[in-house]
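> This is the structure I want to talk about, given as structure tokens.
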Amino acid sequence: APREETVPVAWKHPEKINPEFKAFYEAIVLESGLSLPITSDWRSSESNTAAGGVPTSLHVLGSAVDVDLPPKNAKLCWQLTKAVMRVADRMGLETQVELELVNSAKDTHAHVGLNPRAPGAKLIVRAD
């Protein structure tokens with residue numbers, strides 16, 4: 001029988017994560033071989049506001065994570081981007097995939113999300 005791979009994802013609120021997003025993100029971890037610490041997954045409306053999130057944040061739906069990225073590491077960013085796109089393609093997702101790479105003087109992180117409210121893909125790269 002084929003062995004199921006276990007994915008070492010340290011969810012902060014596992015019970016609040018959308019099952020489709022959970023499968024998507026865990027497949028990204030397996031595909032990329034990266035172990036990026038999750039700094040934020042599900043957020044209540046209150047914690048989302050406190051974090052500076054928008055009211056329509058995917059975090060409130062349990063459909064997004066923010067992960068730490070080492071600063072100025074283009075290879076790692078490319079590795080993550082390829083894994084997100086490969087997994088989205090392989091899973092045949094009908095929902096919008098969000099990937100935001102933040103590499104600024106104040107913050108370096110990646111945001112990965114699945115937007116059940118919108119079709120298609122969206123890639124956001126933000127830097128200052």
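The values are calculated or read from the model by the stated rules, or taken from the named source; none is laboratory data. These figures come from a predicted structure and were not determined experimentally. No Cβ is skipped: glycine too gets one built from the backbone with ideal geometry, and neighbour counts run over all protein chains shown. Just the protein is used for accessible areas: all its heavy atoms, side chains included, with ligands, DNA and RNA removed. Shrake-Rupley method; radii C 1.70, N 1.55, O 1.52, S 1.80 Å.
> Within segment 57-85, which residues are among the polar types (S, T, N, Q) and free of Cβ contacts under 8 Å to residues at least 40 places away in the same chain?
Of everything in segment 57-85, those that are among the polar types (S, T, N, Q) and free of Cβ contacts under 8 Å to residues at least 40 places away in the same chain turn out to be Ser57, Asn73.
> Just need a number here: residues in segment 15-31 that are within 17 Å of Ala88 (Cα to Cα) and either crowded, with 18+ Cβ neighbours inside 10 Å or under 10 Å from the mean Cα position of the chain (by Cα) (or both).
So the answer is 9.
> Let me ask something else. Restricting to segment 32-56, and then to whatever is outside any helix (DSSP H, G or I) and modelled with pLDDT of 95 or more, can you tell me which residue is least open to solvent (accessible area, probe 1.4 Å)?
Per the stated criteria, the residue is Asp41.
> Next question. Within segment 75-92, how many residues turn out to be out of contact with any strand residue (DSSP E or B) (no Cβ under 7 Å at 6 or more places or on another chain) and either buried (at least 18 other Cβ atoms within 10 Å of the Cβ) or not small (Gly, Ala, Ser) (or both)?
Qualifying residue count, segment 75-92: 12.
> Would you mention how many residues in segment 86-106 are touching a residue at least 24 places away in the same chain (Cβ under 8 Å), more than 20 Å from Arg117 (Cβ to Cβ) and not β-branched (Val, Ile, Thr)?
Adding up the residues that qualify gives 5.
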